[in-house]
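The values are calculated or read from the model by the stated rules, or taken from the named source; none is laboratory data. None of the values given here were measured: they were computed from a predicted structure. Backbone-built Cβ (ideal geometry, glycine too); neighbour counts: all protein chains shown. Areas reflect the complete protein model, heavy atoms only, side chains present, ligands, DNA and RNA absent. Shrake-Rupley method; radii C 1.70, N 1.55, O 1.52, S 1.80 Å.
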Amino acid sequence: MKLDDLPMARDGDDRLERISPALAPAASARSARDAAGEAAWRELHTAAAARYRAAGRFAWHFARGKLGRDPVFRSLVERGDLGHRARVVDIGCGQGLLASLLQACANLAGSGRWPLAWPLPPAAATYHGIELMPRDVQRARAAAAGPAHSLAPTFECVDMRRAALPPCELVVILDVLHYVDHAAQSALLTRVRDALLQGRPEMPRRLLLRVGDAASARGFAVSQWVDRAVTLVRGHRVPPTWGRPLAAWVALLQELGFVVHSVPMSQGTPFANVLLVADVVGLA
């Protein structure tokens, strides 16, 4: 029941006063859970970004802004999408924000302060990042070299179309697949599936793929414009892009045997981004 569903109280009518207190305990519990989640996320955000002080002011400011404003990172944690997977491969990892976030999660959980309302904390035994831009790889390695990085992530500077994909249980591709043409997209996703099939069968195996929905013309155009601007600011060449409507992305993954569900991932932004959660189920 919502407060809007309650009878409206008129002068001299105490029905609302009689009913409202019954909702108070539930509302108070929700408020406490929300406050705990907000505090935990602030701590994760601060800790993950702090690692980039060793990589320079640009890397630190970029990490703070990206982790704080892009809804995907908090959503991956709060929804439990990362899960307990031994080996993580992050394609188009940039300066390794996901690796730093995973380490911050491990540290918070190890301190016994993981929010009870959240799913279990993500856990990874190994992390391997693949990134084309040398400067981003340098920043990622500088951040990873800091103290208390038990994950010991590795980073490889290579074109994702030519990168060797090791057996793994989780592959993450956020906002980079549209930089290669449709044939290359299909080829890479096929190799991603094969790498997951070589993962441990007793563990859930998953691809987390964020894409822009080209069917949403305005949001997709805005995201493309911002993408180009950020690429220029970071000192990189602006390449051409190859988008697809959301239905086409889903169909491609299903043709490869993934079980797919989509999650809108543009909260608080003008973009048309969608997170595709694609699981390996019943494939051998």
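Quick notes
- Qualifying residue in the range 110-132 (condition: under 25 Å from Gly56 (Cβ atoms) and assigned to a loop (DSSP other than H, G, I, E, B)): yes
- Candidate set from the range 198-237 (those that are open to solvent by 50 Å² or more (accessible area, probe 1.4 Å) and among the aliphatic types (A, V, I, L, M)); member that is modelled with the highest pLDDT: Ala215
- Any pair with Cβ under 7 angstrom, 6 or more apart, that starts in the range 165-190 at a residue that is farther than 26 Å from Pro201 by Cα and ends at one that is modelled with pLDDT of 95 or more and of a type in the set (S, T, N, Q): Leu177/Gln185
- Residue tally, condition of a type in the set (Gly, Ala, Ser) and either at pLDDT 95 or above or crowded, with 17+ Cβ neighbours inside 10 Å (or both), over the range 252-284: 5
- Positions within the range 61-89 being buried (at least 22 other Cβ atoms within 10 Å of the Cβ), touching a helix residue (DSSP H, G or I) at 6+ places or on another chain (Cβ under 6 Å) and in a helix (DSSP H, G or I), in sequence order: Ala63, Leu67
- The single condition from (1) open to solvent by 50 Å² or more (accessible area, probe 1.4 Å); (2) more than 30 Å from Pro245 (Cβ to Cβ) that Asp194 fails is (2).
- Of the residues making up the range 147-172, those that are outside any loop (DSSP other than H, G, I, E, B) and touching a Gly at 6+ places or on another chain (Cβ under 6 Å) number 1.
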